[in-house]
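Here's the structure we're looking at; comments come further down.
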Amino acid sequence: MARCDTCGNDYDYSFVIVRGSEHFTFDSFECAIHKLAPVCGHCGVRILGHGVEVRAPGGLHGSIYCCAHCARSAGEGRVVDHVQA
Ligand SMILES: [Zn+2]
Ligand SMILES: [Zn+2]
C-alpha cells in the first residue's frame, strides 16, 4: 500500500511512475495525468499522447503543444501535422 502523490488516497493497487530520477506514486491514471501530463503551451489542454515539442536549436527544454495548430498559433510557424504533397 502506498499513498497517492496527487490525492493522498492510500490504496492497495497504487503504482509508481519513474521519470528521470523522480519517483511518483499514484492510485489511478487520472491522478498520474493530473500531476505529470504536460499542458499545451497554447490552449492549456492536458497532453496525453506524444504532443508536439518545439526546441530551439541547441536548447534543452522546448515548448510543448497538443497539435501543430497550437504550435503555429503560438508562433512556431514551421510545424505541420500533414506532409505537404
Ligand atoms: Zn490519487
Ligand atoms: Zn493546444
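The values are calculated or read from the model by the stated rules, or taken from the named source; none is laboratory data. Only a predicted model underlies this, so the values are computations on that prediction, with no experimental measurement involved. Neighbour counts are summed over all protein chains in view; Cβ atoms, including those assigned to glycine, are modelled from backbone coordinates with ideal geometry.
Taking the range 22-73 as the search range and keeping residues that are polar (S, T, N, Q) and modelled with pLDDT of 95 or more, which one is nearest to ligand 2 (Cβ to nearest atom)? Ranking the candidates gives S28 first.
All conditions in (1) outside the structural domain of A71 (by TED's automatic domain parsing); (2) assigned to a loop (DSSP other than H, G, I, E, B); (3) loosely packed, with under 11 Cβ neighbours inside 10 Å hold for P57, with the sole exception of (1). Could you please find all residues in the range 1-52 being within 15 Å of the chain's Cα centre (by Cα), assigned to a loop (DSSP other than H, G, I, E, B) and crowded, with 17+ Cβ neighbours inside 10 Å? Listed by number, the residues that qualify are C40, G41, H42, I47, G51. Take F29 and tell me if it is within 11 Å of ligand 1 (Cβ to nearest atom), in contact with a Leu (Cβ under 9 Å, 6 or more places away or on another chain) and either hydroxyl-bearing (S, T, Y) or outside the structural domain of R72 (by TED's automatic domain parsing) (or both). In short, no.
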